[in-house]
Every structure is written in C-alpha cells, then in structure tokens.
Amino acid sequence: MHRNELNSVAKAMVATGKGILAADESTPTIGKRFDAINTESTEVTRRRYREMLFTTPGIADYIGGVILFDETLRQSTSDGVPFAKYISDLGMIPGIKVDTGAKPLAGFPGETVTEGLDGLRDRLSEYYDLGARFAKWRAVINIGENIPSDFCLQANARALARYAALCQEASIVPIVEPEVLMDGDHNIARCEEVTNAALDALFTALAEHRVALEGIILKPNMVISGSDAADRAGPAQVAAATLRCLQAHVPADIPGIAFLSGGQTAEEATEHLDLMNKAGDLPWELSFSYGRALQAPALAAWQGTEDNFGAGQSALFKRAKFNSLAHGGQYETSMESDAA
C-alpha cells in the first residue's frame, strides 16, 4: 500500500462526523468489566457482547473504524460472517491491537515500556490476511515524583515508531497511542508539560524511522488534571490546554487525531471533544477513539442478558451519535437530559 492508500484509510477512519470504537480490551480487562455486571467472561459471552456492539443498527453512520482484540478478529457473527467482513461490509474499517502490554521498565521504578515488537512483522501479515487494515499500539506514561524520565519517554517513542514503520511496510495504518495517564494528584499544568515532552519524543522517533505521517492516526490523551488532584481543571481549561499542546507539537501532515477517553466519564469525554472542535479551523480531524466512554453505558444497559441486547445497542448508538456531533462541534450538554 502506497502512502496515498494509507492516507485514504486513515482519513476514512476519522472522516467528518466519524470516530473509532475501541473494542480491543484484553481478556483480563474485559473480565473485570464483566465482573462489574455479574457476567462470566467466556469466549461465548465475549463474542456475544461484541456482536451486540458491531450489529447496532445505524452505528456505521458514526463509527469509521473498530479496534479488535486477536480473539475477536477470529470470531464471527451468529450468522457465521467473520467480524472483520461484517464490519467492512458496513463501511467501517476493522483494526487490531498488536502490542502485548506495558511491562516494568528495568532499572526505572514506576515506569513501563510496551512490548510486542518480536515477531510483529509476521503477525501483521497474518492480521492483514484476516482483514485488518489498521493497528494500535499503546504506550503508557506515568506521572509521579521524578517521573517520567527522559529515558522512559524515548524508549516508548522508539517502540511506537518501530511498530508504525512495520505497520506501514505491511500496508496497515498505525494508530500511535502515547498515553499520559491521569492517575495521580498532579495538576493540569504538569499533565501539559509531560504530554508536550511525550509528543516531542514521539515525532522525533517517527521521523528517524521514516514513518509517513500522512498514513498514521495519533491517539493521545487529553491534557487533564490528575484524577486525585485537589483542584481539577474544568472543561474549558481542558480543551484550551489540549489544543495548545497539539497545535505546538503535532505536524499538520497527520490526517487525524483520535483521542482516548482515559478515565473520563462518557459525558466528560464528549464535552471536551466538542469544545475543542468549537474552537475553529484545525489542520487535522479531531475525533475520538473511545473504549470505555462509548461502551460503559452499553455494558450497563446490557447486563449480560439477551433481554437487554437491544437496550445495550441503544446506549451505544446514543454515545456514538453524541460523539459524532462533538466531532463537528455541534454537541450540547443539554442533549444528555433531553435524550434520557
């Protein structure tokens, strides 16, 4: 796939009014989500839950891409249609999580580096054959006393860049996700400082690895106060700080920025995205790649029972629609109560 083809796929993932559904939770993570609704996590229940998400009527109007877990990419609908084909046929693009998780960074207490590069070239070839046209790799940056270190930022940026180069070689669009966690009591200024440094390290590494920026999607955190901060910044401050950071550090060649929701409520993630898009002309599509902020209401409505299958779909549809409106700067918080 040449640069223009990678660019076409990337643009389609975050086309006007569309975003990305992150449904790539690992088996342990989705197990915790199912525990919260007293549902056993088995291959059967995981498949059925994700089928509920993907077969939601009208969802393709608001979702341009779906990130799958390895197990899900190999599964099919109840009618026997492989999920990747089902998603593609609706006009959405199937993708795949390819990292193997954040592991302790040896010699650097409290810091992690994401693994999964070994054997990645062969895995990407198989995933392409299974229908995936984009991939995702998540780096995790912790904020704490004297961390993150420069070495941690560099190690994660280089891993993201190596992954991205391998994806493009395999005709797969890479989502690069340098997530600065909101865990901690730091203020919004500290988050902005660390996010600036993480993005600087990332784009330096991408250039060194000759990654075509027009064929990637950036999945960053929003600049936000730590979850335990004494005085948390409000929505307008979050939007202003995040835009300031992106405009200073993200090249205009990137077709789209699709935020992670990272600990925000579904409503907060939508409002923050909307406020940024209300700010005016931006060089890239500013969209969403939400997991929990799209799925949490659907999971709560479903409760693991067939009787609630339609209710789960309605909850997902509502959040996808609201985030689509936020992508265009057309969401209002009053819509939440109006739709209740």
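The values are calculated or read from the model by the stated rules, or taken from the named source; none is laboratory data. Nothing here was measured: the structure is a model prediction, and the numbers come from that model. Note: ideal-geometry Cβ built from the backbone for every residue, glycine included; neighbour counts use all protein chains shown.
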Exercise. Restricting to segment 65-83, what's the tally of residues that are closer than 23 Å to ASN323 by Cβ and without any contact (Cβ under 8 Å) to a residue 60 or more places away in the chain?
Worked result: 4
Exercise. Between a first residue in segment 270-281 that is surrounded by fewer than 20 Cβ atoms within 10 Å (Cβ to Cβ) and a second residue that is in a loop (DSSP other than H, G, I, E, B) and not aromatic (Phe, Trp, Tyr), which pairs have beta carbons less than 7 Å apart while being 6 or more apart in sequence or on different chains?
Worked result: LYS278/GLY329
For this session: Looking only at segment 105-116, decide whether some residue is of a type in the set (Phe, Trp, Tyr), at pLDDT 95 or above and over 16 Å from the mean Cα position of the chain (by Cα).
Result: yes
For this session: Run down GLY215, GLY234, GLY262, GLY291 and say which single residue is farther than 26 Å from GLY184 by Cβ and either in contact with a strand residue (DSSP E or B) (Cβ under 8 Å, 6 or more places away or on another chain) or small (Gly, Ala, Ser) (or both).
Result: GLY215
Exercise. If you check MET52, MET92, MET13, which single one turns out to be over 17 Å from the mean Cα position of the chain (by Cα) and at pLDDT 95 or above?
Worked result: MET52
For this session: Could you please give the count of residues in segment 123-149 that are of a type outside the set (A, V, I, L, M), touching a residue at least 24 places away in the same chain (Cβ under 8 Å) and outside any loop (DSSP other than H, G, I, E, B)?
Result: 9
Exercise. Quick one: what pairs do we get from segment 225-237, first residue in contact (Cβ under 8 Å) with a residue 12 or more places away in the chain, second aliphatic (A, V, I, L, M), C-beta under 6 Å, 6+ apart or different chains?
Worked result: SER225/ILE188; SER225/ALA233; GLY226/MET182; SER227/MET182; ALA233/ILE188; PRO235/LEU275
Exercise. Inside segment 251-269, can you point out the residues that are surrounded by fewer than 20 Cβ atoms within 10 Å (Cβ to Cβ) and over 13 Å from LEU294 (Cα atoms)?
Worked result: PRO251, ALA252, ASP253
Exercise. Quick one: in segment 41-54, which of the residues that are in a helix (DSSP H, G or I) and among the β-branched types (Val, Ile, Thr) is surrounded by the fewest Cβ atoms within 10 Å (Cβ to Cβ)?
Worked result: VAL44
For this session: Quick one: count up the residues across segment 320-337 that are hydrophobic (A, V, I, L, M, F, W, C) and within 14 Å of VAL14 (Cα to Cα).
Result: 3
Exercise. Would you say ALA159 is assigned to a helix (DSSP H, G or I), in contact with a helix residue (DSSP H, G or I) (Cβ under 7 Å, 6 or more places away or on another chain) and over 24 Å from ALA12 (Cβ atoms)?
Worked result: no
For this session: Identify the residue in segment 279-317 that is of a type in the set (D, E, K, R) and at pLDDT 95 or above and, among all such residues, is farthest from the chain's Cα centre (by Cα).
Result: ASP307
Exercise. Condition test on ARG33, is it within 22 Å of ALA135 (Cβ to Cβ) and either among the small types (Gly, Ala, Ser) or part of a helix (DSSP H, G or I) (or both)?
Worked result: no
Exercise. Could you say whether any residue in segment 247-258 is in contact (Cβ under 8 Å) with a residue 60 or more places away in the chain and more than 15 Å from GLU179 (Cα to Cα)?
Worked result: yes
Problem set entry | Verdict on PRO57 being surrounded by fewer than 20 Cβ atoms within 10 Å (Cβ to Cβ), part of a loop (DSSP other than H, G, I, E, B) and in contact (Cβ under 8 Å) with a residue 40 or more places away in the chain | yes
Exercise. Got a sec? Which of GLN168, GLN154 is touching a residue at least 60 places away in the same chain (Cβ under 8 Å) and assigned to a helix (DSSP H, G or I)?
Worked result: GLN168
Problem set entry | segment 116-151, subset surrounded by fewer than 20 Cβ atoms within 10 Å (Cβ to Cβ) and among the hydroxyl-bearing types (Ser, Thr, Tyr), residue nearest to PRO178 (Cα to Cα) | SER149
